[in-house]
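Asks: Below is the structure I would like to discuss, written out as structure tokens.
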Amino acid sequence: MKKLFIRIFDFFNTIQSKIAFYPTLLACSGFLVALLMIYLEQHGISRKIMDVFPILMVEDGDTALTVLSACLGGLISLMVFSFSMVMLLLSQASNNYSPRLLPGLISDKRHQIILGVYMATILYNIFTLFSIEPSEKKYTLPGFSVLLGIAFTILCLAAFIYFIHNISQSIQINNILDNIFHGAEKRLQKLIESEEKSNNDFPNTKDWYEYKAGRSGYFQNISTVNILNICEEEKTKIYITVPKGLFVLKNGIFIKSEKKLDEKIVDSIISNISFARGELIEDNYTLAFKQITEIAVKAMSPGINDPGTAINAIDYLTELFALRMQKTDNGVVAQDEKATLKVAVVTFKELMYNVMASLRTYCKHDPIMVEKLLWMLKYLQKQPAAKAYYQTVVDEEIKTLVKQAKNAFDSKKDVIAIKNMALD
């Protein structure tokens with residue numbers, strides 16, 4: 001039952017990031033509301049409301065047809081324009097910042113819900129038009145249904161105004177960086193809190209039995225409770241060799257076990273791990289470092305040449321690195337104070353190198369950017385919660401950055417300024 005629940009949760013977590021999820025869901029609700037109103041109209045709801053609020057009801061069939069037809073045509077045009085705006089937003093973000101931003105922008109629930117409201121109202125109005133049928137020289141008029149159709153159309157106009165405001169905010173780089181940062185911050189905070197209960201004592205896995213994943217994809221989620229129960233039943237310890245969020249190769253070593261396991265047990269372990277074809281910050285905080293770094297690198301490219309955006313990106317990287325320094329390079333998961341499961345993690349040294357290697361390559365020729373990077377590293381050096389090992393990693397990056405910058409600068413004044421800043 002737990003496995004089924006986890007799979008359903010993973011499936012929902014995957015499809016809700018698709019741009020068509022909420023529009024499809026709301027469109028179905030619009031269809032169901034239309035059917036409900038047809039049923040209520042057959043039981044005389046319009047006549048009852050007419051007796052109480054006659055001024056609200058449309059009494060002429062031709063007028064109702066004209067109004068609903070106008071609403072329907074306007075809503076279709078509105079939806080096409082809104083979809084075009086979303087595609088323009090995605091194209092601009094991909095060209096100016098990074099293609100990695102697209103999954104996060106596509107999964108914006110506000111855009112999806114607004115488009116879904118359009119589709120729901122369109123379907124509702126279509127089926128309401130079908131219910132207005134001529135009977136001899138008159139129409140069987142569902143007055144209350146027509147009134148709701150007009151009200152839903154007005155709601156769509158209000159939603160469109162909000163949509164224009166929201167999409168103009170979404171394309172701004174400060175808001176994009178802020179959303180990426182907060183997503184990674186939440187994930188890191190959860191990991192830091194979970195480590196308070198973990199046990200760091202885990203044996204060496206060099207001579208353990210090795211098993212392949214049998215499938216490929218991004219390592220997205222893992223049911224630690226179920227796998228810990230398997231470890232307890234089999235009296236073994238398990239090591240997942242690939243960090244969460246990274247790509248798993250089909251024939252690569254993915255699981256190591258202290259004791260030999262049969263194929264059914266291995267399949268049971270794999271079934272408690274979900275794989276995806278995309279990456280989400282909510283599941284993998286290291287993706288935030290990649291995205292922000294790519295934004296900074298793209299901003300420093302000759303085609304974009306926007307050092308201001310690169311400086312903003314480095315500010316967010318500074319805060320994320322400071323938070324990452326509060327987390328250990330340990331992926332041990334304990335049960336009853338016994339370390340029985342370990343998941344590989346991206347170490348602080350690897351994370352720092354991957355970020356700095358890209359930034360050094362594209363920023364070493366710019367004295368202002370080098371100064372900003374040095375400011376970031378000096379700030380990280382002074383973090384009180386950081387371990388001595390982390391501070392050593394930062395010291396090495398400072399030396400490498402200063403060395404490359406000295407070779408890239410043409411002005412002796414810039415070289416002296418960077419040297420003095422590194423020594424402060």
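The values are calculated or read from the model by the stated rules, or taken from the named source; none is laboratory data. If you're wondering where the values come from, they're calculated on a predicted model, not measured in any experiment. Reconstructed Cβ throughout: ideal geometry from the backbone, glycine too, with neighbour counts over all protein chains shown.
Asks: Hey, any hits in the stretch 248-264 for a residue that's out of contact with any Phe, Trp or Tyr (no Cβ under 8 Å at 6 or more places or on another chain), surrounded by fewer than 21 Cβ atoms within 10 Å (Cβ to Cβ) and within 21 Å of Arg187 (Cα to Cα)? Give the derivation first.
Replies: Of the stretch 248-264, the ones out of contact with any Phe, Trp or Tyr (no Cβ under 8 Å at 6 or more places or on another chain) are 249-252, 262-264.
Of the ones still in play, those that are also surrounded by fewer than 21 Cβ atoms within 10 Å (Cβ to Cβ) are 249-252, 262-264.
Going one step further and asking which of them are within 21 Å of Arg187 (Cα to Cα), we end up with none.
Checked the stretch 248-264: no residue is out of contact with any Phe, Trp or Tyr (no Cβ under 8 Å at 6 or more places or on another chain), surrounded by fewer than 21 Cβ atoms within 10 Å (Cβ to Cβ) and within 21 Å of Arg187 (Cα to Cα).
Asks: Taking the options Asp315, Asp267, name whichever one is among the acidic types (Asp, Glu) and either within 30 Å of Gln92 (Cα to Cα) or buried (at least 17 other Cβ atoms within 10 Å of the Cβ) (or both).
Replies: The conditions single out Asp315.
Asks: Quick test for you: out of Lys412, Lys387, pick the one residue that is without any contact (Cβ under 8 Å) to a residue 60 or more places away in the chain and either buried (at least 16 other Cβ atoms within 10 Å of the Cβ) or not small (Gly, Ala, Ser) (or both).
Replies: Lys412
Asks: Quick one: how many residues across the stretch 92-128 are at pLDDT 80 or above and more than 18 Å from the chain's Cα centre (by Cα)?
Replies: 15
Residue-wise test of (1) modelled with pLDDT under 80; (2) among the hydroxyl-bearing types (Ser, Thr, Tyr).
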{"residue": "Tyr22", "(1), (2)": "no, yes"}
{"residue": "Cys28", "(1), (2)": "no, no"}
{"residue": "Leu68", "(1), (2)": "no, no"}
{"residue": "Gly73", "(1), (2)": "no, no"}
{"residue": "Leu90", "(1), (2)": "yes, no"}
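Asks: Further question: May I ask you to say which residue of Lys250, Lys244 is of a type in the set (Lys, Arg), part of a loop (DSSP other than H, G, I, E, B), outside the structural domain of Arg324 (by TED's automatic domain parsing) and under 18 Å from Val345 (Cβ atoms)?
Replies: When all the criteria are applied, what remains is Lys244.
Asks: If we scan the stretch 198-218, do we find a residue that is out of contact with any Ser or Thr (no Cβ under 8 Å at 6 or more places or on another chain), at pLDDT 85 or above, polar (S, T, N, Q) and surrounded by fewer than 18 Cβ atoms within 10 Å (Cβ to Cβ)?
Replies: No, the stretch 198-218 has no match at all.
Asks: Can you tell me which residue among Ile192, Ile167, Ile176, Ile154 is of a type in the set (A, V, I, L, M), assigned to a helix (DSSP H, G or I) and closer than 30 Å to Ser268 by Cα? Please lay out each step first, then the result.
Replies: Numbers: Ile167 fails: closer than 30 Å to Ser268 by Cα; Ile176 fails: closer than 30 Å to Ser268 by Cα; Ile154 fails: closer than 30 Å to Ser268 by Cα.
On inspection, the qualifying residue turns out to be Ile192.
Asks: Name the pairs whose Cβ atoms lie under 6 Å apart, with the first residue in the stretch 362-378 and in a helix (DSSP H, G or I), the second of a type outside the set (A, V, I, L, M, F, W, C), and 6 or more positions between them or separate chains?
Replies: Pairs found: Pro367/Asp414; Met376/Thr318; Leu377/Glu397.
Asks: Now, a different point. Restrict the check to the stretch 49-64 and report whether at least one residue is at pLDDT 80 or above, over 34 Å from the mean Cα position of the chain (by Cα) and surrounded by 15 or more Cβ atoms within 10 Å (Cβ to Cβ).
Replies: no
Asks: Need pairs with beta-carbon distance below 7 Å; first residue under 15 Å from Thr286 (Cβ atoms) and within the stretch 178-195, second assigned to a helix (DSSP H, G or I) and basic (Lys, Arg); sequence gap 6+ or separate chains.
Replies: Filtered contacts from the stretch 178-195: Leu188/Arg324.
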